[in-house]
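The values are calculated or read from the model by the stated rules, or taken from the named source; none is laboratory data. The model shown is predicted, which means the values in this text are computed figures rather than measured ones. Cβ placement follows ideal geometry from the backbone for every residue including glycine, while neighbour counts extend to all protein chains displayed.
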């Protein structure tokens, strides 16, 4: 039989490593003949737009370069499958593509939304008695997938945001005047990535002085008090704020939503740091700067976590074995056995448990005042950012694997 | 005798390396007893706030960590000296501090504005027959200092912006819909750093597809045409735009200036990428994203250019010799002897030639259509980003040198 793999959702530094995991593990099994890549996630299966991965990945050097290339080699999508009870046509197209190419297992690397696709496809195949396995491989910098200790992509993003906050802290401390720097970090619904900036404490860094997560109620009035209190101790105050933090519109005299809603119904947020910086300027009147870490936090492969990349490849590889063992409708997960030493086990759970669910940052890991995280959060994050990739460089620039033509 | 050194202007990745150059070179000379650091640039001399550097930098490991720590160890300032003909009091304070501590030479590491300070101090000492040498050591990510081939700090910033544009290019290419990503890069008056993104071509990267510098007249109408043309070839168009690019306010229906003016009369710019993205959204209607590289482009030491850091230290060291040779009122400069092999010579020029002057990006290095740079620009920038720092890391994070107490 053949297998197919696709990547979905927002880019990360580790999603190509999971692709390599599937590919490199699959070629070891005699029963798997061809590993297909579906272009632009599930859209590739709908449109019968698939490629034989061995025509793209030809050498060990290719594998190495793909591992250090961020974003999705095979493209991505934000396509939401309709319920098959209502609209079966898309499912028929997918089934047609899979059967036509004798594909017996489909691996979908993605986040919460992609697991919705895995779950629906699995249920459809079950109903139709179609023997095609569907396996979910987790990926998201947001780290908000339930039943897994963490998600591939998170560790590298965490390493980037912490490293960058440290550098911003040095940068902001040069002048002899008080200042507030507000750094906005990704996290639609959850504060995992923002919380990860606290790992800097392990190296004695005090910054960020204030950390705000969307899991906690946010009051602008308390925020201003927090900043004033922090200014008593630090003349250059650094604030890490999750993009998902949403102040009461009445308190800020406006709405933080950009008004844009995606195919999964998620509202897109815009500019919480900018909005808060205006409030600080008005209420406190000191120098203030808003910084958005923007897409750099999900694609800065040059500072990725080696452990993250390694684990992403391992969990991709493990998924192949799970499919060959006959499982379907399952999502691969990490179980943390211990922190010291850091030991992780790869398992799998029913995708229906994971799909469309969100794993929030534990409220008990937020401090009493709601403006910092606890040592438990640091202990949790720290192992995930360990290790530096041995980057291949040419002309002073990291080499990336780029397809000569669009797929 | 003793000497003093200070850092001024905006932070860079290399300014601490130049400080190390002065310090490590000075301790080799028997005639120099103490190397003082002036806290917050020239303000430290005015207020007699100076520190003995050997009380701060105690071990070789300290030196190594300071070298990989961005921003200014001794703080910075944006203080502009008054003309001594009009107001001599500040000069008297400075002279008092210098004489009190038996300081025979003062080294000022900074950009265009700091050279104004060097020039004025030198002229004052000459007029007053005070034998204190004043030497300027260049520093600015903007690379806009005349008479030097390039400025320390530029190479590291260039390496960061190019590396990041490459990653953003991968990130922006995942979806199957057309998009435009506009990346705003620092450069108040000059486009050197924005132009440096073109070094990616050396590795076969086509992006950035459009490059706009402030040296060239900018037309919003032509910009939209350029984007449309680029979209015929690339479905994810990447635009690198200098913050100093200022469209005709009549064309954009508003002003790009933030309204803030600093002590040197420089206007602060704000949000050209944001403004252009709104125009693209309105005129073309595709997915569009504005990214500000913000302070990260001047403080991302984790991806600094080894050549930049090495040269910064060398030029700092060379300044000590120049002072001991009896020169004053001079600024250290690089002269490029050749590109292949890359050979640089360290010389010095009269600071009066450099102070308050701007070295613009050559118009002949901008292509005819005004939306790209030529191979000459790439050949110029490429040697400056070479080499990777061997970063010292603890807990998965670059170690930085942080003073236990505020100076």
Seminar exercise, completed: Quick count over the stretch B:1-21, residues being surrounded by fewer than 24 Cβ atoms within 10 Å (Cβ to Cβ) and under 22 Å from residue B:95 (Cα atoms), is 2
Exercise. Does residue B:337 satisfy being outside any loop (DSSP other than H, G, I, E, B) and modelled with pLDDT of 95 or more?
Worked result: yes
Exercise. Any idea which of (1) touching a strand residue (DSSP E or B) at 6+ places or on another chain (Cβ under 8 Å); (2) in contact (Cβ under 8 Å) with a residue 40 or more places away in the chain; (3) within 28 Å of residue B:277 (Cα to Cα) is the one residue B:139 doesn't satisfy?
Worked result: (3)
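Determine, yes or no, whether residue A:82 is closer than 24 Å to residue A:113 by Cβ, touching a helix residue (DSSP H, G or I) at 6+ places or on another chain (Cβ under 8 Å), crowded, with 24+ Cβ neighbours inside 10 Å and at pLDDT 95 or above.
Working: closer than 24 Å to residue A:113 by Cβ: yes; touching a helix residue (DSSP H, G or I) at 6+ places or on another chain (Cβ under 8 Å): yes; crowded, with 24+ Cβ neighbours inside 10 Å: no; at pLDDT 95 or above: yes.
No; evaluated as a whole, the condition is false for this residue.
Out of the residues in the stretch B:22-43 that are part of a helix (DSSP H, G or I) and in contact with a strand residue (DSSP E or B) (Cβ under 8 Å, 6 or more places away or on another chain), state the one that is surrounded by the most Cβ atoms within 10 Å (Cβ to Cβ).
First, the residues of the stretch B:22-43 that are part of a helix (DSSP H, G or I): B:22-26, B:42-43.
Right, trim to in contact with a strand residue (DSSP E or B) (Cβ under 8 Å, 6 or more places away or on another chain) and you get B:22-23, B:26, B:42.
Values: B:22: 28, B:23: 24, B:26: 26, B:42: 24.
Checked the stretch B:22-43; the qualifying residue surrounded by the most Cβ atoms within 10 Å (Cβ to Cβ) is B:22.
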Exercise. So which residues in the stretch B:355-407 are in a loop (DSSP other than H, G, I, E, B), facing another protein chain (nearest Cβ under 8 Å) and touching a residue at least 40 places away in the same chain (Cβ under 8 Å), if there are any at all?
Worked result: B:386, B:387, B:391, B:399, B:400, B:402
Exercise. Which of the residues that make up the stretch A:44-54 are closer than 16 Å to residue A:134 by Cβ and in contact with a strand residue (DSSP E or B) (Cβ under 8 Å, 6 or more places away or on another chain)?
Worked result: A:44, A:45, A:50
Problem set entry | Index of the failed condition, residue B:315 passing every other in (1) within 14 Å of chain A (Cβ to nearest Cβ); (2) buried (at least 18 other Cβ atoms within 10 Å of the Cβ); (3) within 22 Å of the chain's Cα centre (by Cα) | (1)
Exercise. In this structure, does residue A:304 turn out to be within 14 Å of chain B (Cβ to nearest Cβ) and within 27 Å of residue A:393 (Cβ to Cβ)?
Worked result: yes
Problem set entry | Filter pass, residue A:324 being in contact (Cβ under 8 Å) with a residue 40 or more places away in the chain and surrounded by 24 or more Cβ atoms within 10 Å (Cβ to Cβ) | no
Problem set entry | Subset of the stretch A:56-69 [within 14 Å of chain B (Cβ to nearest Cβ) and assigned to a loop (DSSP other than H, G, I, E, B)] | A:68, A:69
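Which of the residues belonging to the stretch B:104-117 are closer than 21 Å to residue B:29 by Cβ and buried (at least 24 other Cβ atoms within 10 Å of the Cβ)?
Restricting attention to the stretch B:104-117, the residues satisfying the condition of being closer than 21 Å to residue B:29 by Cβ are B:104-109.
Passing the criteria: B:105, B:106, B:107, B:108, B:109.
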Exercise. So is residue B:49 at pLDDT 95 or above, within 27 Å of residue B:154 (Cα to Cα) and surrounded by fewer than 24 Cβ atoms within 10 Å (Cβ to Cβ) or not?
Worked result: no
Problem set entry | Selection count, the stretch A:268-301, where residues are in contact with a strand residue (DSSP E or B) (Cβ under 8 Å, 6 or more places away or on another chain), facing chain B (nearest Cβ under 10 Å) and over 17 Å from residue A:181 (Cβ atoms) | 2
Exercise. Hey, residue B:392 hits all of (1) surrounded by 15 or more Cβ atoms within 10 Å (Cβ to Cβ); (2) in contact with a strand residue (DSSP E or B) (Cβ under 9 Å, 6 or more places away or on another chain) but one; which does it fall short on?
Worked result: (1)
For this session: Would you check if residue A:345 is more than 20 Å from residue A:142 (Cα to Cα), more than 14 Å from chain B (Cβ to nearest Cβ) and either at pLDDT below 95 or not in a loop (DSSP other than H, G, I, E, B) (or both)?
Result: yes
Problem set entry | residue B:160 within 13 Å of the chain's Cα centre (by Cα) and within 14 Å of chain A (Cβ to nearest Cβ) | yes
Problem set entry | Close pairs from the stretch B:231-243: first in contact (Cβ under 8 Å) with a residue 60 or more places away in the chain and within 14 Å of chain A (Cβ to nearest Cβ), partner assigned to a helix (DSSP H, G or I) and surrounded by 19 or more Cβ atoms within 10 Å (Cβ to Cβ), Cβ under 8 Å, at least 6 apart | B:236/B:169; B:236/B:172; B:238/B:165; B:238/B:168; B:238/B:169; B:238/B:172
Seminar exercise, completed: Picked from the stretch A:142-157 (must be out of contact with any strand residue (DSSP E or B) (no Cβ under 6 Å at 6 or more places or on another chain) and closer than 18 Å to residue A:71 by Cβ), the residue surrounded by the fewest Cβ atoms within 10 Å (Cβ to Cβ) is A:142
Exercise. What is the one condition in (1) more than 30 Å from residue A:103 (Cα to Cα); (2) more than 10 Å from chain B (Cβ to nearest Cβ) that residue A:321 does not satisfy?
Worked result: (1)
Problem set entry | Among the candidates B:214, B:146, residue that is under 18 Å from residue B:364 (Cα atoms) and without any contact (Cβ under 8 Å) to a residue 40 or more places away in the chain | B:214
Problem set entry | Residue match in the stretch A:44-55 (condition: closer than 25 Å to residue A:398 by Cβ, under 26 Å from the mean Cα position of the chain (by Cα) and not in a strand (DSSP E or B)) | yes
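Quick one: in the stretch A:198-230, of everything that is closer than 21 Å to residue A:144 by Cβ and within 14 Å of chain B (Cβ to nearest Cβ), which residue is surrounded by the fewest Cβ atoms within 10 Å (Cβ to Cβ)?
If we filter the stretch A:198-230 for residues that are closer than 21 Å to residue A:144 by Cβ, which is where we start, we get A:198-199, A:208, A:211-218.
When the remaining residues are screened for being within 14 Å of chain B (Cβ to nearest Cβ), the result is A:198-199, A:208.
Values: A:198: 24, A:199: 29, A:208: 31.
Ranking the candidates gives A:198 first.
So is residue B:24 within 14 Å of chain A (Cβ to nearest Cβ) and touching a residue at least 40 places away in the same chain (Cβ under 8 Å) or not? Please lay out each step first, then the result.
Details: within 14 Å of chain A (Cβ to nearest Cβ): no; touching a residue at least 40 places away in the same chain (Cβ under 8 Å): yes.
Taking the combined requirement at face value, the residue does not satisfy it.
Applying the selection to the stretch A:163-185, what residues are under 25 Å from residue A:357 (Cα atoms) and away from every other protein chain (no Cβ under 12 Å)? Full working, then the answer.
Taking the stretch A:163-185 first, the residues under 25 Å from residue A:357 (Cα atoms) are A:184-185.
A:185 - this is the single residue of the stretch A:163-185 that is under 25 Å from residue A:357 (Cα atoms) and away from every other protein chain (no Cβ under 12 Å).
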